[in-house]
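Below is one structure, written out as structure tokens; comments come after it.
Rule-based calculations on the coordinates, nothing more; no lab input. Quick caveat, the model's predicted, so the values are computed rather than measured. Neighbour counts are summed over all protein chains in view; Cβ atoms, including those assigned to glycine, are modelled from backbone coordinates with ideal geometry.
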Amino acid sequence: MHGIPRSRILTGTGALVLALVGLLAACGPSTRPAAGPAEDTGGYRGALLTTPRPKPDFTLVDTSERPFDFRKETDGFLTLLFFGYTHCPDICPLHMANLAAVMRKLPPDITERIKVVFVTVDPERDTPAVLRAWLDHFDPRFIGLTGTQEAIDAAQQATGVPVAVKEDLGNGQYAVSHAAYVLVYTTDNLAHIAYPSGIRQSDWAHDLPRLVKKGWQGQ
Amino acid sequence: MKSSVYRVPRRLTGLSGMLLVLLLASACGGTRHGAVTGEPTPTPTAAVSAATRVGALVIRDVFTPAPASPDTAAVYFTVQNTGDGDDALLTAATDIADEVQLHRTVMEGGAMKMQPVPRIAVPAHGEARLARGGLHVMLLGLRRPLREGDRFELRLTFERAGAVTVTVPVRAATAAPGAATAPPTPAMGH
């Protein structure tokens, strides 16, 4: 693998090393993304997870300030889970705006079987009211969850995404680094597929109805 | 590509494996999912900002997506350098925000991170593209709400060309015209 001993890569400390491996693997001479249509993802346009991930078990607080048991409340629904924050200017609102635009165009018999869950990684600024106002810009059906920092960190760990980290921007401002992809759980309560930043409305419009109607029809 | 995926040892399970696949999907610029794209937005003529010139620089495709946040917004544009000398964007300023910074969104191990950058190079006979998922001007502490159709002024200061004010139209939240490095996809059925 480009002259780097594999054993050393694998003993490295996680994400950064893996990122390097990923970059090396992905930018090779015959570059085609694994998330391309058809052959690698059973026709879906998201990115296949090599190991399906179980739907995480966590309870946070929704925008009406009631406890929300994620597994229980989303059981039986195609569930889209995204961690982000409302002060995020770039990727989060684009994901949400694209999803909202697609949800508006899909028929009700599809959308009523989908739950979109946005978990803030910035509970300090994203109160239930702030979250609700932000989500209503996109789609009032979108579910917003918050909680204590500890509970949100635990939810990210249970989900298996990198735990968000606060970044100081000076003058009292800060940003939060967080997972850039939307995880999609089918009704088998597994995520087989994720949607990275860069996914398009046409990709969502292609995949969501199929995921709702057929469940996981991948590998 | 496929063989690269399967070369990954089985020990790389769980998050690691997931990260790998995601990286495969997003690591390379210019691949289908490599560039961050909203939709190719039809551009009503009224929303097109005319190119602004200062010195050897041409600034075009300036816009901000209508922010859902009352506090923050990002501004995107392309700066083309028609001259023989390298230039760089040093600062941006506007009356509508408490603080303006130059940022880059970077991916690190499946997480995205916003990094302040001290300057944005505009090489001679080249261009700087501020686009979704990459470089942007970050407005922090908005002093008034921005809605689609609004406009505001942004003052850009370049190392060589000096300062210039551009008008920034607020466009749809899904707008991403400057990010079209990926091939266009078929439009949705409408």
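Full extension of the segment from A:THR59 to A:ASN189, taken as 0.36 nm per residue of separation minus the current Cα-Cα distance, would add 45.2 nm.
Taking every DSSP beta bridge that has both ends in segment A:43-163, the antiparallel portion is near 35%. Excluding B:ARG143 itself, calculate the net charge of residues whose Cβ lies under 12 Å from the Cβ of B:ARG143, where each Lys or Arg counts +1 and each Asp or Glu counts -1. Neighbour charge sum, excluding B:ARG143 itself: -3. By definition, a body whose alpha carbon gyration tensor gives a ≥ b ≥ c is prolate when a/c is 1.5 or more and a/b is larger than b/c, and segment A:60-214 fits this prolate description. A straight Cα-to-Cα reach below 26 Å connects A:LYS213 with the lysines A:LYS55, A:LYS72, A:LYS105, A:LYS115, residues fewer than 8 places away in its own chain not being considered.
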